[in-house]
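The values are calculated or read from the model by the stated rules, or taken from the named source; none is laboratory data. This one's a predicted model, so the numbers in the text were calculated from it and none came from an experiment. With ideal geometry, Cβ positions are generated from the backbone for all residues, glycine too; neighbour counts draw on all protein chains shown. When the accessible area is computed, the model is the full protein with side chains, heavy atoms only, and any ligands, DNA or RNA have been set aside. Shrake-Rupley method; radii C 1.70, N 1.55, O 1.52, S 1.80 Å.
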Amino acid sequence: MNIVYHEASRTFHLYNSCISYIMTILPNGQMGQLYFGKAVHPREDYSWLLEMVPRSMTSYIFEGERTFSLEHVRQEYGVYGSSDYRMPAVEILQENGSRISDFRYVSHTIQPGKPRLAGLPATYTEQDDEAMTLTLQLQDPVTGVSLSLLYTIFAQGGVLARSACFTNQGQESVHLLKAMSLCLDLPDHDYEWIQFSGAWARERHPRARALEQGIQSVGSMRGHSSHEHNPFLILKRPHADESQGEVLGFSLIYSGNFLAQAEVDTHDTTRVLLGIHPEWFDWKLEPGGSFQTPEAVMVYTDRGMNDLSQTFHRLYRTRLARGFWRDRQRPILINNWESTYFDFTEDKLLALAKTARDAGIELFVLDDGWFGKRCSDHAGLGDWTPNPERLPQGISGLARKIRDLGMDFGLWFEPEMVNKDSDLYRAHPDWILAVPERNQSHGRYQHVLDFSRKEVVDHIYAQMAEILKDGSVSYVKWDMNRSITECWSPALPADRQGEVFHRYILGVYDLYERLTQAFPQVLFESCASGGARFDPGLLYYAPQAWTSDDTDAVERLKIQYGTSYCYPVSSMGAHVSAVPNHQLHRVTPLHTRANVAFFGAFGYELDLNRLSQEELAQIRQQTAFMKQWRGLLQFGTFYRLESPFEGNTAAWMTVREDQAKAIVGWYRVLNTVTPPYTRLRLTGLDPDRLYTVTVREKNRAGRVVGQFYGDELMHAGLVTSDQSSGESLEGGEASCDFDSRLYILE
């Protein structure tokens, strides 16, 4: 790992064993992009990568010279309007109405490690030798606005973290209308674009198409990263697949409005932009003021999409997530929501907890409905005090009884929201985001508190901190159940209303930071109607997230498979729920519901007291299995093997770091009659090691299939053929719809 500046050629080379990133100072003083890809030999001059030729209808920078145009060179942080006609990375409105900028190189610093980004989540280092950071200092000589471009290259993996910081060193105020975290110009467009899109209950489905001339983009203007599109983008070569080929990944560590965009010009070069969505963004920079963009992470590999994902997994699991729970196995929990909804009493909760304890479950989580006048979703949000009619001894009394059973206690909050039928709203009707004299839209009968205001965040913090301390709460499910409308704050003047969306997210981060620092051993799980804010920004504070409100095992195959392209298994909250499923009304076998949920932060979301003794016995087997294997399931190296988007079967696996053990999940949606013989090629194993393979299917504890060398399992494949064609035969049970198996390799 190194960062080198060659003064004679005015080039920067950031490199490790995996990647090289090369930049140059262009003839006009702006920064140009020369190369990003597989590591190349260090040398002093890469000027041959900067090509400049005259073209008709091109505008040129220098009087009398017809080769240097910003339109036809690759840039580090493109600016529109002075010979570059592509979409820019930055736009600054000045007092004279101009939006032209000219950020020229002034100086640079190279330092070991990685600086923090004030008030924002970001990747980090624990030792200085884990990374190096280059800061390019640029300045616009007319406005006096300075621009710091930050580049951190990590010692391990093809990872480059980027961000930008603006400081107004001039005499006049300016308005920052666009400030992207990342701008990357690529020399060709021979890529497939993969986005991760969906809606409530079907989040993060991969959608692929070829890059073509023009603009392709996804984003969110909902005030949060959203169910609809995730702030993550893959560009892969057409021939690349899970195991080979060039792939680039772009991820934004941010939880608010975002834009991910690729523009292919008519000369077939590609510009990638990633950052805060410029629509409705307007940040006033007064003299002396600064603005820091969120961090964007770029990953390059020539070893396929599994390697790309594993690079993100390692980085986000160990150098984005923080704190007590970062490296710890997650407790098996039961959440009461789908078993009781709002209809519960303390006695009903304790009865559920006792059965859960007997089944081997470690953590009881009380969901919505414990506070204020919250007997439905019409009232109570904002009043974070226990309802004495439901909990006569409050949260502390219930928590003490849960702990007496030998379980930990967790609690649900939705701190960013308020119902109009609440004491908080009646006392502070001006604390919601709303535009004067305009309609106030609601979502789920609730409104959004103005977290751009410190006094609002302070009030919610005080309430939550008292509950967490008084109840000795060990887990928090932090929900967020509606998008932002009528985004306006009375706390800001008219010319700063474009700051509210971002200031809101900064308020969310501030509340998370204060709570996680005050209660460092509490496990926080982020939630936003399931997956509406499943993004890297929140992983910095909450090491796991509720992956989706859809708990159907078959749909979860797609959701968890798509999520795995960027996010580690340890971050995915995954529960076994009741049947018929509450979202799709589908009936799936209990063993399949568990076999899907095992690959995540595992738990249950159903009324155990309605199950048969046989089903409870299965759950005891499941919790015992999870306790034995959760270290591997949650922290092993994860591989996708067969996509649920492409056929009737799906498969994935996780391998221990030393390759001594692995677990394979195999799933089939619909049963087949007299099926063909099938084999599944595994990956990530030691080719010279002999593995004993045990299969867990249906209600069987497991049977040994045989012993095979790693190279046999990876090249010849693991036999997954059914042992019967519809009738039960010795050695296996009859197959069924929504079937699954786990294969344990030791």
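Structural remarks
- On the stretch 415-564, 48 percent of the accessible area sits on carbon and sulfur atoms, based on a 1.4 Å probe.
- Relative to the Cα centre, the charge distribution of the stretch 482-619, modelled as +1 at Lys and Arg Cβ and -1 at Asp and Glu Cβ, gives a dipole magnitude of about 100 debye.
- Theoretical FRET efficiency, 1/(1+(r/R0)^6), r = Cβ-Cβ of Ser98 and Thr345, R0 51 Å, to 0.05: 0.20
- Per-residue ellipticity at 222 nm computed for the chain from its helices equals -5500 deg cm²/dmol, with DSSP H segments shorter than 4 residues left out and the rest contributing -39,500 (n - 2.57).
- Listed by chain and number, the lysines whose C-alpha is less than 17 Å from the C-alpha of Lys348, apart from same-chain residues fewer than 8 away, are Lys401.
- Interchain or long-range residues, amide H under 5 Å from Thr125's placed H: Lys114
- Relative contact order for the chain, counting Cα pairs under 8 Å that sit 6 or more residues apart, in percent: 10 percent
- Those trypsin sites (Lys or Arg not before Pro) in the stretch 76-118 that DSSP places in a loop and that have at most 10 other beta carbons within 10 Å: Arg116
- Stretched out straight at 0.36 nm per residue, the stretch from Ser59 to Arg326 would grow longer than its current Cα-Cα span by 90.9 nm.
- Carbon plus sulfur fraction of accessible area for the stretch 32-185, probe 1.4 Å, in percent: 50 percent
- Summarising the amide proton neighbourhood of Leu182: residues at separation of 5 or more, or on other chains, whose placed amide H is nearer than 5 Å comprise Leu274.
- Plainly put, the stretch 306-430 has a radius of gyration that is 1.08 times its Kirkwood radius, both from alpha-carbon atoms, as the Rg/Rh ratio.
- Only Cα sites of the stretch 31-79 enter the Debye sum here, all with the same form factor; the resulting log10 I(q)/I(0) across q = 0.28 1/Å is -1.16, listed in q order.
- Probing with 1.4 Å while keeping every protein chain in the model, the per residue accessible area of the stretch 437-506 equals 42 Å².
- The accessible area of Trp546, taken with all protein chains in place and a 1.4 Å probe, comes to roughly 10 Å².
- With R₀ fixed at 35 Å, the C-beta to C-beta distance from Asp688 to Ile110 puts the FRET efficiency at about 0.25.
- Cα centroid separation, the stretch 493-547 to the stretch 428-461 (Å): 16 Å
- Burial ranking of peptide ranges 29-35, 52-58, 285-291 (average Cβ count within 10 Å, highest at the top): 29-35, 285-291, 52-58
- Loop-resident GluC sites (Glu not before Pro) (DSSP state other than H, G, I, E or B) in the stretch 362-455 with no more than 16 further Cβ atoms inside 10 Å of their Cβ: Glu389, Glu437.
- Applying 0.36 nm per residue to the separation of Val587 and Arg681 and subtracting their alpha-carbon distance, the gain on full extension is 30.9 nm.
- Alpha-carbon centroids, the stretch 189-245 and the stretch 554-577: separation in whole Å: 17 Å
- The stretch 195-327: C-alpha gyration tensor shape, a/c 1.5 cut-off, then a/b vs b/c: oblate
- Relative to the longest principal axis of the Cα atoms of the chain, the long axis of helix 346-358 lies at roughly 80 degrees.
- Positive-end residue of Leu315, Met305, Phe291, charge dipole of the stretch 284-332 with Cβ unit charges: Leu315
- Net charge, Val247 excluded, C-beta distance under 11 Å - Lys, Arg +1, Asp, Glu -1: -3
- Span from the the stretch 20-59 Cα centroid across to the the stretch 253-280 one, whole angstrom: 21 Å
- Per-peptide average of other Cβ atoms within 10 Å, ordering 220-233, 630-643 highest first: 220-233, 630-643
- Point-charge dipole on Cβ atoms (K/R +1, D/E -1) for the chain, about Cα centre, debye to 20: 1220 debye
- Within the accessible area of the stretch 302-382, the carbon and sulfur atoms contribute 49%, probe 1.4 Å, all protein chains present.
- Chain lengthening between His715 and Thr318 when straightened (0.36 nm per residue, less Cα-Cα): 139.7 nm
- Angle in degrees between helix 305-319 and the longest Cα principal axis of the chain, rounded to the nearest 10: 90 degrees
- By average C-beta atoms within 10 angstrom, highest first, the peptides 505-513, 5-13: 505-513, 5-13
- Hits among lysines - C-alpha to C-alpha of Lys38 under 21 Å, sequence gap 8 or more where chains match: Lys236
- Each of Pro429, His378, Gly64 was placed along the dipole of the chain (beta-carbon charges, centred on the mean Cα), and the one lying farthest toward the positive end is His378.
- Backbone amide hydrogens, once placed in the peptide plane, bring Met417 within less than 5 Å of Leu449, excluding anything fewer than 5 places away on its chain.
- Once the Cα atoms are used to define both axes, helix 613-635 deviates from the longest principal axis of the chain by about 30 degrees.
- For the stretch 558-651: rounded, prolate or oblate by the Cα gyration tensor [a/c cutoff 1.5]: oblate
- Summed over the residues of the stretch 124-267 and divided among them, the accessible surface reaches 31 Å² per residue at a probe radius of 1.4 Å.
- Summed side-chain charge close to Tyr461 - residues other than Tyr461 whose Cβ falls under 13 Å, Lys, Arg +1, Asp, Glu -1: -2
- Solvent-accessible heavy-atom area per residue, rounded to whole Å², over the stretch 1-44 at 1.4 Å: 41 Å²
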